[in-house]
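**Q** I have a structure I would like to understand better, so I am pasting it below and will then ask my questions one at a time.
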Amino acid sequence: MIVKRNDVTLKQFSSVEYLGCLLDSTLSGEEMAVKVLTKVNGRLRFLYRQGKYLNKRLRRMLCNTIIQPHFDYASSAWYPNLGKGLKKKLQIAQNKCVRYCLYLGNREGIRYRHFKEMNWLPISERLDQFIAVSTFKFSKGLAPVYMEDFFKMNSSLQYTKYSDESRLSLRSNNHNCCEYCLL
């Protein structure tokens, strides 16, 4: 498909990196997941080489600062669309971090108690937490102003704990903010 605007043909790419996040043409998130896996495994290899100099507290602190952010960065954009295989690989990478921090063997199973000891959540639950925190912040007026363009509070609804209506909804697109994108 050729995209033209005012006699200018736009070049198409299969993927684009924007603010460190890889966006592919299908928005599947697979390229971003592979990038995250590469970075996490590389940094974990480095930490294993330095492991004899680090105690449990330092190991956890280093994993929190140089590995966990890769799992988190823009995860609400790329993680939900991943297939089960890549989600499993990401969880395996996080499990390796837990094993490293807690001095566990390579074959030892990771249980929820290990995550609790680390004060971490598994990747899928971590994403749920980010979404819940963002929703809470918006509903309490603590979210960034730009979010007002996407969501609105339904103040006309009477909310009870038994109602199935949401007080938060997507704002209808009354304005054409991307008119330069349309042909």
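**Q** How about the stretch 1-97: which trypsin sites (Lys or Arg not before Pro) there lie in a loop by DSSP and see at most 16 other Cβ atoms within 10 Å? List each step's numbers first, then the result.
**A** Details: sites: K4, R5, K11, K35, K39, R43, R45, R49, K52, K56, R57, R59, R60, K84, K87, K88, K89, K96; in loops: K11.
Taking the stretch 1-97 and a limit of 16 other Cβ atoms within 10 Å, the loop trypsin sites (Lys or Arg not before Pro) found are K11.
**Q** Report the local net charge at K39: Lys and Arg +1, Asp and Glu -1, summed over other residues whose C-beta lies under 14 Å from its C-beta.
**A** Numbers: positive: K35, R43, R45, K89, K96; negative: E17, E31, D72.
Here the count lands on +2.
**Q** If R₀ is 45 angstrom, what is the calculated FRET efficiency for the pair N119 and V3, using the beta carbon separation as r and rounding to 0.05?
**A** Calculated value: 0.40.
**Q** Give the residue from L86, Y112, P69 lying farthest towards the positive end of the charge dipole for the stretch 1-133; charges sit on Cβ (+1 for Lys and Arg, -1 for Asp and Glu) and the dipole is referred to the Cα centre.
**A** Going by the Cα projections, it comes out as Y112.
**Q** Give, in whole angstrom and from largest to smallest, the semi-axes √(5λ) of the equivalent ellipsoid of the stretch 85-144, with λ running over the eigenvalues of the Cα gyration tensor.
**A** In descending order, the three semi-axes are 29, 13, 8 Å.
**Q** Turning to a different aspect of this structure: Charges on Cβ only, +1 for Lys and Arg, -1 for Asp and Glu, centred on the Cα centroid of the stretch 3-142; of S134, L23, Y48, which one is farthest towards the dipole's positive end?
**A** Selected residue: Y48.
Where a number appears in this text, it was derived from the coordinates with a stated rule and is not lab data. This structure is a prediction, so every number in the text was calculated from the model and none was measured. Every residue, glycine as well, gets a Cβ built from its backbone with ideal geometry; the counts of neighbours run over all protein chains shown.
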